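What follows is one structure encoded as structure tokens, with my remarks underneath.
The values are calculated or read from the model by the stated rules, or taken from the named source; none is laboratory data. Since the structure is predicted, the reported quantities are computational estimates derived from the model, not experimental observations. Backbone-built Cβ (ideal geometry, glycine too); neighbour counts: all protein chains shown.
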Number of protein chains: 2
Amino acid sequence: MSDSSPGVADLLGVLAYAELTAFLRLAEDAARLAPTLTDRAALGDLAAAEYAHFRLLRDRLASLGADPEEAMAPFTGPLDAWHEQTAPGDWLEALVKAYVGTGIALDFYREAAAHVDEETRRLVEEVLADEGRSQFAVERVTVAIKEDPKLSGRLALWARRMVGEALSQGQHVAAVRPELAALLVSAEEEDIARMFAKLTEAHGRRMEALGLTPGP
Amino acid sequence: MSDSSPGVADLLGVLAYAELTAFLRLAEDAARLAPTLTDRAALGDLAAAEYAHFRLLRDRLASLGADPEEAMAPFTGPLDAWHEQTAPGDWLEALVKAYVGTGIALDFYREAAAHVDEETRRLVEEVLADEGRSQFAVERVTVAIKEDPKLSGRLALWARRMVGEALSQGQHVAAVRPELAALLVSAEEEDIARMFAKLTEAHGRRMEALGLTPGP
């Protein structure tokens with residue numbers, strides 16, 4: 001890791017494993033839960049895009065002289081734990097997870113973009129260009145809630161649980177990888193809280209887009 | 001399906017669903033069975049390539065005026081059944097399945113290439129260009145057998161079961177979709193037998209490449 005700041009391998013490593021595992025989990029959800037072949041292909045499409053992101057990140061790690069496997073290793077525990085705690089039970093939960101999960105990841109890329117070298121920033125921008133891909137999930141969930149408004153409460157709780165687990169795993173990672181935390185914020189305690197607040201706010205906007213009313 | 005022969009939608013449909021489901025199953029095997037992140041990424045790479053093939057096939061169906069979902073529907077039963085009967089129990093079985101399964105699929109593309117229109121043939125060639133992708137599986141399996149020669153018998157049986165199930169599902173499909181069978185062979189009874197013989201022969205070559213000795 002020649003001229004890059006010390007947290008860059010961590011940053012690329014956590015994003016790489018997040019993409020690899022998102023790819024595999026979305027594919028699994030598509031195979032297991034999609035009610036039609038069109039739905040299966042739509043979630044598959046999102047999964048394949050995550051894989052393309054993984055490759056960009058892996059190649060960037062390699063070109064920086066880092067071992068991708070080593071760079072990902074510290075983050076497999078928290079990310080696997082998140083996926084296990086948020087395994088969707090049905091197709092609508094899978095859609096909400098796809099939208100919320102990729103949304104949180106993109107927020108994270110956006111935060112990261114400000115703190116990395118030019119080359120890595122181009123990669124981040126390439127990933128962010130895929131932002132519209134999970135829009136089909138919003139459309140499907142909105143239609144389902146219109147047909148059965150009772151779904152709204154259950155899915156809102158589901159989404160809140162997901163973001164709660166994400167913040168808790170995120171704090172965990174920040175504690176054990178201070179270089180990564182330092183890269184994402186400007187080293188001041190308040191900034192971590194502010195970043196989490198921003199992520200929570202962005203999550204709120206996604207909940208509105210899904211038509212999920214904030215619970216009590 | 002304007003100027004194409006009547007079986008082309010069937011052909012593209014069966015290949016499309018085969019690719020979609022291969023993508024999802026390989027991703028699942030990668031998530032579930034890969035012993036290292038590098039292995040997981042390698043199988044993920046193969047899975048993502050299957051997804052790219054699926055998109056080519058789906059787009060070709062759409063450009064022919066066919067509904068991809070309708071074209072795939074007759075084949076979901078046999079292909080899902082094949083995957084259920086051949087769910088790998090460990091990483092080596094997953095590798096053998098990836099190599100044998102994509103090999104059978106490519107044989108099928110090769111047979112098909114002779115019988116389709118120019119545009120569809122170009123698509124088939126694009127898919128066939130990916131032939132080398134499962135080579136990593138051969139390398140991994142060969143190394144494992146060198147380390148523990150006892151594995152050879154078990155994996156050879158496993159491969160034989162897979163090809164047996166594939167032939168049985170294939171005959172099933174040929175019986176219910178005579179247009180598809182007619183497209184692949186020149187309508188004569190012997191030709192179906194000959195095609196199956198060719199596929200079995202190609203399978204034998206793959207077994208040799210894996211270092212799996214033919215059983216008694």
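This table checks each residue for (1) over 20 Å from B:ALA48 (Cβ atoms); (2) surrounded by 24 or more Cβ atoms within 10 Å (Cβ to Cβ); (3) of a type in the set (S, T, N, Q).
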site: A:ALA16; (1), (2), (3): no, yes, no
site: A:ALA22; (1), (2), (3): no, yes, no
site: A:PRO35; (1), (2), (3): yes, no, no
site: A:ARG55; (1), (2), (3): no, no, no
site: A:ALA66; (1), (2), (3): yes, no, no
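If you scan the range B:161-213, which residues turn out to be of a type in the set (S, T, N, Q), at pLDDT 85 or above and within 18 Å of B:THR102 (Cβ to Cβ)? Working first, answer last.
The initial filter retains those residues of the range B:161-213 that are of a type in the set (S, T, N, Q), namely B:168-169, B:171, B:186, B:200, B:213.
Now restrict to residues that are at pLDDT 85 or above: B:168-169.
B:GLN169 - this is the single residue of the range B:161-213 that is of a type in the set (S, T, N, Q), at pLDDT 85 or above and within 18 Å of B:THR102 (Cβ to Cβ).
Suppose we keep only residues that are under 20 Å from A:ILE104 (Cβ atoms) and small (Gly, Ala, Ser) within the range A:22-41. Which one would you say is nearest to the other protein chains (Cβ to nearest Cβ)?
Of the residues in the range A:22-41, the ones under 20 Å from A:ILE104 (Cβ atoms) are A:22-30.
Now drop any that are not small (Gly, Ala, Ser), which leaves A:22, A:27, A:30.
Details: A:ALA22: 11, A:ALA27: 3, A:ALA30: 6 Å.
Among them, the one singled out is A:ALA27.
Which residues, taken from the range B:58-76, are in a helix (DSSP H, G or I) and either touching a strand residue (DSSP E or B) at 6+ places or on another chain (Cβ under 6 Å) or within 11 Å of chain A (Cβ to nearest Cβ) (or both)? It would help to see each step written out before you state the result.
Start the filter on the range B:58-76 by keeping residues that are in a helix (DSSP H, G or I), which leaves B:58-63, B:68-76.
Across the range B:58-76, the qualifying residues are B:ARG58, B:PRO68, B:GLU69, B:GLU70, B:ALA71, B:MET72, B:ALA73, B:PHE75, B:THR76.
If I filter the range A:105-153 down to residues being outside any helix (DSSP H, G or I) and without any contact (Cβ under 8 Å) to a residue 24 or more places away in the chain, which single residue comes out as farthest from A:ARG194 (Cα to Cα)? Outline the logic, then answer.
In the first step, residues of the range A:105-153 are kept if they are outside any helix (DSSP H, G or I); the result is A:114-117, A:129-130, A:148-150.
Next cut, without any contact (Cβ under 8 Å) to a residue 24 or more places away in the chain only: A:114, A:129, A:148-150.
On the way: A:ALA114: 15, A:ALA129: 25, A:ASP148: 36, A:PRO149: 34, A:LYS150: 34 Å.
Once the filter is applied, the top-ranked residue is A:ASP148.
Would you say B:HIS53 is more than 9 Å from chain A (Cβ to nearest Cβ) and either within 15 Å of the chain's Cα centre (by Cα) or within 15 Å of A:ALA41 (Cβ to Cβ) (or both)?
Values: more than 9 Å from chain A (Cβ to nearest Cβ): yes; either within 15 Å of the chain's Cα centre (by Cα) or within 15 Å of A:ALA41 (Cβ to Cβ) (or both): yes.
For B:HIS53, the condition - more than 9 Å from chain A (Cβ to nearest Cβ) and either within 15 Å of the chain's Cα centre (by Cα) or within 15 Å of A:ALA41 (Cβ to Cβ) (or both) - is met.
Please go through (1) part of a helix (DSSP H, G or I); (2) within 15 Å of the chain's Cα centre (by Cα); (3) over 18 Å from B:ALA41 (Cα atoms) for A:ALA87 and return the number of the only condition it doesn't satisfy.
(1)
Being touching a residue at least 60 places away in the same chain (Cβ under 8 Å), within 14 Å of B:GLU19 (Cβ to Cβ) and among the hydrophobic types (A, V, I, L, M, F, W, C) is the filter here, so list the residues in the range B:56-81 that pass it.
B:LEU56, B:LEU57, B:ALA71, B:PHE75, B:LEU79
Against the condition within 14 Å of chain A (Cβ to nearest Cβ), within 22 Å of B:ARG32 (Cβ to Cβ), hydrophobic (A, V, I, L, M, F, W, C) and surrounded by fewer than 17 Cβ atoms within 10 Å (Cβ to Cβ), how does B:ALA87 come out, does it pass? Quick ask: steps written out before the conclusion?
Values: within 14 Å of chain A (Cβ to nearest Cβ): yes; within 22 Å of B:ARG32 (Cβ to Cβ): yes; hydrophobic (A, V, I, L, M, F, W, C): yes; surrounded by fewer than 17 Cβ atoms within 10 Å (Cβ to Cβ): yes.
Yes; evaluated as a whole, the condition is true for this residue.
Just one of (1) farther than 28 Å from A:HIS83 by Cα; (2) within 12 Å of chain A (Cβ to nearest Cβ); (3) among the acidic types (Asp, Glu) trips up B:ASP10, so point out which.
Among (1) farther than 28 Å from A:HIS83 by Cα; (2) within 12 Å of chain A (Cβ to nearest Cβ); (3) among the acidic types (Asp, Glu), the lone unmet condition for B:ASP10 is (2).
The conditions are (1) surrounded by 20 or more Cβ atoms within 10 Å (Cβ to Cβ); (2) more than 19 Å from the chain's Cα centre (by Cα), and B:ASP59 fails exactly one of them. Which is it?
(1)
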